[in-house]
1. At 1.4 Å probe size, with the rest of the protein present, what percent of the exposed accessible area of the range 57-153 is carbon and sulfur atoms?
2. Could you report the range 87-153's accessible area per residue, 1.4 Å probe, as an integer in Å²?
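The values are calculated or read from the model by the stated rules, or taken from the named source; none is laboratory data. Because the structure is predicted, anything quoted here is derived from the model rather than measured. We work out accessible area using only protein heavy atoms, side chains counted, and drop any ligands, DNA or RNA first. Shrake-Rupley method; radii C 1.70, N 1.55, O 1.52, S 1.80 Å.
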Amino acid sequence: LHRWTERLQRYMSSRKSGSEDGEGGETTPSAADDTTCDDADGTCAPEWTVDEGAGTKDKEEDEDSEDDSHMAIAAQYYRKAAEEHKSARANFNLGFMHEWGLGLTQDFPLAKRHYDMAGEDGSNVAAAIALRAMDLHQRAVKLGMMLKDYGEG
């Protein structure tokens, strides 16, 4: 669990700093509308392109860009499993990915929708816990945004 937490933190920090530092080799979505499916509900993975800038990538950056593409591919498969097989696990994973912005756009209402679908039968306690935790996460993000706006103004 500790290793996964470290990878998640490294992934999140690289996503925040990747667009600001301008170093090459970052994997980024080519455009907001470029997705690999026709749905506009936000569950589609973006088309990924690699920016071949002048910067040199080290091993950690290689892992991060590989993680980005793997997250986008995983989202596609989770979406397919959720739609075709009504998989509670796939819906839970899509909810988690939307909550944290992993391979998908961070979208709390959509994350809630997937968590709700994962817990429809009432037997998925993890979905109920995730909904409560997501509520706290959403409030923390909103508070952080308000404090950032207050500090700039």
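1. On the way: 3460 of 6130 Å².
Answer for the range 57-153 is 56 percent, counting heavy atoms of protein chains only.
2. Ligands and nucleic acids excluded, the result is 61 Å² per residue.
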